[in-house]
Every structure is written in structure tokens, then in C-alpha cells.
Amino acid sequence: MTIYNLGSINIDHVYRLTALPRAGETISSQGYALGLGGKGANQSVAAARAGAQVQHLGAMGAGDGWVLDKLAAAGAGTGAIARLEGVATGHAIILVDGGGENSIILHGGANHALPPTLLERDLAGIGPGDILMLQNETNLQAEAAARAHAAGARVIYSAAPFEIEPLRAVLPHVTILAVNEVEARDTFAAFGEDLPVEGMLITRGAEGAEYRDLRSGQVWHQPAFKVQAVDTTGAGDCFAGWFAAGLSRNEDPQTALRHASAAAAIQVTRKGAGDAMPDRAEVMAFLKERG
Ligand code: ATP
């Protein structure tokens, strides 16, 4: 069982400032950190660290080899990541002031130039038992979802950043829709509560998460573990990656939710997104400690 993840790869440049710059102003940063981000890469790292077999499908510029090294070190397959000449790797310039307020410039770059060969060549082997994960930060979402669905694989779509038209395009092919509370509200407002999917994973930050089987009406709840959060960036991706890893191992929804909740609780106690994802040993130790 393989998790194929067609998703964004971003480099996060995080600058700590005393105050956010005003128009025309030049300011020096108090600190700088470089990290792996992008919803796709975050989810691949999370699922791979959870122990799943993960194949990341995506695109990057020709440089930035350290990004591939990080994905590979987490255990994700990187052979299906296209390297594009003359296109920048997706990146985010993140400015954080002393009060934690931020301003972000996002440049999608290669994430919006995924070549169709990724589907023809690298998704050719997908079949029943496999999972395709998708988020709304790349091109080719609907095409990939249609192909995976037709091959009998489960499709898990994170409707983030939330946009109605991309969601409308993938929805007929989605098995599980993964959303946070705000995205869930926007989804219901746009499409009603009777969605054409098997299940919904809804995360509610420190309030916890739930999985709804829309066919049977059964709902599984999972409270969040109480921790001292320092950076919640990527918490949703951590949760989705761990939940998908659980499903790929045929875990029941409650077990997958519990593991994902523990993983996300650990992740929010660390700075960073992709780099902050815990591995299986850390999650098991955390659960043992919490009883
Ligand atoms: P992001 O956009 O920051 O990646 P999100 O909005 O997609 O996050 P959330 O619903 O905020 O996702 O969080 C996902 C999961 O992470 C929650 O269901 C919970 O299990 C865990 N989590 C988030 N914040 C906290 C917190 N403060 N304490 C413990 N767990 C948390």
C-alpha cells in the first residue's frame, strides 16, 4: 500500500523582526531560519515519519537539492519530483514580529508547473489499497484525483487554501475530504452538507478533531492533547499525513485519529512546519506517557 502525494514543495524563509516593515522601509532582521514547508511536502514528511510508504509527486527548480535530501531523510520517495529549469522552487517569505504577528509572501513557482508526465508515468501504478493525497497548492489536482479514483485508490483531499472552483473540480473523485473548522464551514456553505464523499476529517485546533463517515453517519471524536504550543504552522498537515498513514495500515478511524492527534500535539510544541513532524517512536512514547 503506497501513499502517493501530489503536492507542493516550499522553502520557508522565516525572518524574526521587532516590527513588520512599512512601505518604503528597510529593516534588519533579528533572526533567520530556513525550513521545509508547503502543504504537500509537510504531509509527505508526516506520513513517511508515521511509517507509511510514501511517494511524493511534485516539482521544484533545478537547485535546492537539500530539500530532496530532507524529504528522503524522512523516508519519502523523491524519484517522481520533477526538476524544472528556469522556474523557482516554491517558497514563502515569512516575516514575524515580536508579538507573533506575521506577513507572508508566497511564490508558488514550480508548484504550479507540475508536468502531466507525473500522472502518466508516476501515477500509472496506483491501484486499490493505495491512497492519493492532494492539497490545493498545485496544478493537476483534478486530473490526478480522477486517475486515482478510476484506478480504485482512495483519494484524500485537503481543501486548503480553500477555493470553491478547485474543490468543485476534484469533489466527484474524493474519498475523504480533510478540512479545518473554517474550511468545513466554507465547504458546507458552498456545497451543502450532503457531500459526495465517503468521509470527512475535520480538525478544530486545540479543540481536537473528528472523522465522519458520511455513508453510515458514524462520527469518531478525538480531543486534542494538552501541550504548550509554540508554533502551529503545519499542524493540519501533520494530522492529515498521520491519519492517511493510519488508513494505509488499515487502522480503524479512532486509532488513526488518536495517533494523528498525538503527532500534531508534538508538532505544535516545535518551531517549523515540515521539519517539526515527529516520527513513530516519538508518537508512541508520547502516548505511553499520556496513558
Ligand atoms: P495549520 O493551517 O496551522 O496547518 P489547520 O488549521 O489545518 O492548521 P488545526 O485544526 O489548527 O489545523 O490543527 C490540526 C490538529 O492539530 C488539531 O486537530 C489538533 O489535534 C492539533 N493541534 C492544533 N493546535 C493544537 C494545540 N494548540 N494543542 C494541541 N494540539 C493542537
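All of the numbers you see were taken from the coordinates with simple rules; none came from a lab. What you see is a predicted model, and the numbers here were worked out from it, not measured in a lab. When we count neighbours, we look across all protein chains shown, and the Cβ atoms used for this are built from the backbone with ideal geometry, even at glycine.
At-a-glance table
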| item | result |
| --- | --- |
| Normalised convex hull volume, segment 34-108, alpha-carbon set, Å³ per residue | 97 Å³ |
| Estimated inter-spin distance, R16 and E120, nm [label 7 Å along Cα→Cβ] | 4.9 nm |
| Around M133: net Lys/Arg minus Asp/Glu count, Cβ-Cβ under 13 Å | -1 |
| Distance between modelled label sites at R185 and T26, nm, 7 Å Cα→Cβ extension | 4.3 nm |
| Whole-angstrom Cα spans of segment 208-291 along principal axes, big to small | 39, 24, 23 |
| Scaled radius of gyration (Cα, divided by 2.2 N^0.38 Å) that the chain gives | 0.96 |
| The chain, relative contact order [Cα under 8 Å, separation at least 6], % | 19 percent |
| For the chain, calculated [θ]222 nm from helices alone, where every DSSP H run of n ≥ 4 adds -39500 (n - 2.57) | -10000 deg cm²/dmol |
| Rg and Dmax of segment 2-49, Cα atoms only, in Å | 15.7, 49 |
| Extension reserve of the E289-D97 stretch, reckoned as 0.36 nm per residue once the Cα distance is removed | 65.6 nm |
| Fluctuation leader among G199, G98, G90 - the chain, Gaussian network, Cα springs under 10 angstrom | G98 |
| Around R204: net Lys/Arg minus Asp/Glu count, Cβ-Cβ under 13 Å | -2 |
| Projected-area average for segment 26-170 over all orientations - Cα convex hull basis, square nanometres | 10.4 nm² |
| Among beta bridges that DSSP assigns inside the chain, antiparallel share in %, nearest 5 | 40 percent |
| Rounded Å value of the spacing that divides the Cα centres of segment 61-79 and segment 141-189 | 26 Å |
| Alpha-carbon Debye profile of segment 105-162, log10 I(q)/I(0) at 0.21, 0.23, 0.25, 0.27 Å⁻¹ | -0.81, -0.93, -1.05, -1.15 |
| Segment 151-264: relative contact order in percent, alpha carbon pairs under 8 Å with at least 6 residues between | 19 percent |
| Among beta bridges that DSSP assigns inside segment 174-275, antiparallel share in %, nearest 5 | 65 percent |
| Dimensionless Rg ratio for segment 117-211, taking C-alpha atoms and the 2.2 N^0.38 Å reference | 1.07 |
| Neighbourhood net charge (15 Å Cβ-Cβ; Lys/Arg +1, Asp/Glu -1) for N10 | -3 |
| Protection proxy ranking of 279-288, 122-131, 236-245 - average other beta-carbon atoms within 10 Å, highest first | 236-245, 122-131, 279-288 |
